[in-house]
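J.: Below you will find the structure I want to go over with you.
Just so you know, all these numbers are worked out from the coordinates, no wet-lab data involved. Just so it is clear, the structure is predicted and the values come from calculations on it, not from any experiment. We place every Cβ from the backbone using ideal geometry, glycine too, and count neighbours over all the protein chains shown.
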Amino acid sequence: MSDGPLSELIIKPIKAAPIEDLIILYKEAGWWESSYDTQPEFLNHIVKDSAVFVGAFWQKKLIGMGRALSDLASDAYIQDVTVLKEFRGKGIGKKIIQTLIEKLKENGVDWIGLVAQPGTSPFYKELGFELLKDHVPLRYKD
Ligand SMILES: CC(C)(COP(=O)(O)OP(=O)(O)OC[C@H]1O[C@@H](n2cnc3c(N)ncnc32)[C@H](O)[C@@H]1OP(=O)(O)O)[C@@H](O)C(=O)NCCC(=O)NCCS
């Protein structure tokens with residue numbers, strides 16, 4: 001981290017974020033595709049239309065995010081959790097997940113699932129997630 005203490009960190013649900021910050025987060029996470037270059041506006045929907053979108057801010061800059069797709073009554077799927085490389089390993093990802101869970105539970109959501117990227121399941125297991133035995137993640141393919 002360049003300067004300033006981690007106590008300046010703010011983690012909160014948001015409904016909008018600077019598109020430039022979102023692009024940097026997506027690129028660092030390795031989620032950016034060349035086709036997005038001409039239409040980055042989809043990122044505004046990701047923030048606005050997620051049931052819960054949590055942003056982590058340090059010195060007013062968006063340095064981490066996580067979101068939940070949900071009916072906000074019963075079930076939710078956590079998606080797109082990432083922290084800028086410079087800020088990883090400092091407990092920020094953990095706080096993003098905990099904030100998402102807190103907000104979902106406040107709304108009565110009692111089933112929270114996610115598909116962990118390869119190599120990241122230990123991160124989620126520490127936060128209370130367990131393997132869904134015999135379940136298989138599937139994706140629709142055109
Ligand atoms: C996964 C990610 C969000 C974790 O964020 P982070 O802020 O570095 O995580 P934290 O510092 O809160 O780590 C919490 C705990 O999980 C562990 N952990 C973090 N990332 C891990 C990983 N990729 N694999 C295994 N364990 C991990 C940490 O060691 C830490 O353990 P500790 O509390 O015993 O020290 C971050 O590495 C990232 O942005 N990765 C790239 C995008 C990505 O893969 N996202 C997941 C999509 S499913």
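J.: Which one, T38, L84, L9, is farthest towards the positive end of the dipole of region 1-92 when Lys and Arg carry +1 and Asp and Glu -1 on their Cβ?
T.: The listed residue farthest towards the positive side: L9.
J.: Taking the chain as a Gaussian network, where each spring joins two C-alpha atoms under 10 Å apart, which residue of G119, G66, G89 fluctuates the most?
T.: Maximum fluctuation in the GNM of the chain, among the listed residues, is at G119.
J.: Only helical DSSP H runs with n ≥ 4 go in: add -39500 (n - 2.57) per run for the chain, normalise by residue count and round the 222 nm mean residue ellipticity to 500 deg cm²/dmol.
T.: Numbers: 4 runs with 38 residues, N = 142.
Value at 222 nm, helices only: -7500 deg cm²/dmol.
J.: Once you charge only the Cβ atoms, +1 for Lys and Arg and -1 for Asp and Glu, what is the size of the charge dipole of the chain about its Cα centre, to the nearest 20 debye?
T.: Charge dipole of the chain: 320 debye, to the nearest 20.
J.: OK, next. Under 10 Å, Cα contacts only: if you run a Gaussian network model on the chain, which one of S121, S34, S50 comes out with the highest mean-square fluctuation?
T.: Of S121, S34, S50, the Gaussian network model singles out S34 as fluctuating most.
J.: Which trypsin sites (Lys or Arg not before Pro) in region 46-81 pass both tests, a DSSP loop state and at most 14 other beta-carbon atoms within 10 Å? List each step's numbers first, then the result.
T.: On the way: sites: K48, K60, K61, R67; in loops: K60.
Listed in order of number, the matching sites are K60.
J.: Can you list which of the chymotrypsin sites (Phe, Trp or Tyr not before Pro) found in region 71-142 are DSSP loop residues with at most 10 other C-beta atoms within 10 Å? Write down the numbers at each step before the final one.
T.: Values: sites: Y77, F87, W111, F123, Y124, F129, Y140; in loops: F129, Y140.
Of the chymotrypsin sites (Phe, Trp or Tyr not before Pro), the ones in loops of region 71-142 whose Cβ has at most 10 other Cβ atoms within 10 Å are Y140.
J.: On to the next question. Give the range of the longest stretch in the chain that excludes all GluC sites (Glu not before Pro) found in loop regions by DSSP and having at most 13 other beta-carbon atoms within 10 Å.
T.: 42-125
J.: Can you report the principal axis dimensions of region 69-142 using only the alpha carbons, biggest first, rounded to whole angstrom?
T.: 33, 33, 26
J.: Here is a further query. Can you tally the net charge around Q98? Count Lys and Arg as +1, Asp and Glu as -1, for every other residue whose Cβ sits under 13 Å from the Cβ of Q98.
T.: On the way: positive: K12, K94, K95, K103, K105; negative: E102, E106, E126.
Its environment carries a net charge of +2.
J.: Let me have the relative contact order for region 37-87, percent, based on Cα pairs under 8 Å that are six or more residues apart. Don't skip to the end; give the middle numbers.
T.: Details: 63 pairs, mean separation 13.4, N = 51.
Value for region 37-87: 26 percent.
J.: Pick out, in residue order, every one of the trypsin sites (Lys or Arg not before Pro) in region 107-142 that is DSSP loop and has at most 11 other C-beta atoms within 10 Å; say none if there are none.
T.: Here the trypsin sites (Lys or Arg not before Pro) that fit, given the DSSP loop and packing criteria, are K133, R139, K141.
J.: Based on the Cα atoms of the chain, what semi-axes does the equivalent ellipsoid have, where each is the square root of 5 times one gyration tensor eigenvalue, given in whole Å with the largest first? Please report the intermediate quantities before stating the final value.
T.: On the way: eigenvalues 107, 74, 52 Å².
Listed largest to smallest, the semi-axes of the chain are 23, 19, 16 Å.
J.: If you build a Gaussian network model of the chain, linking Cα atoms that sit under 10 Å apart, which residue out of K95, K105, K27 swings the most?
T.: K27
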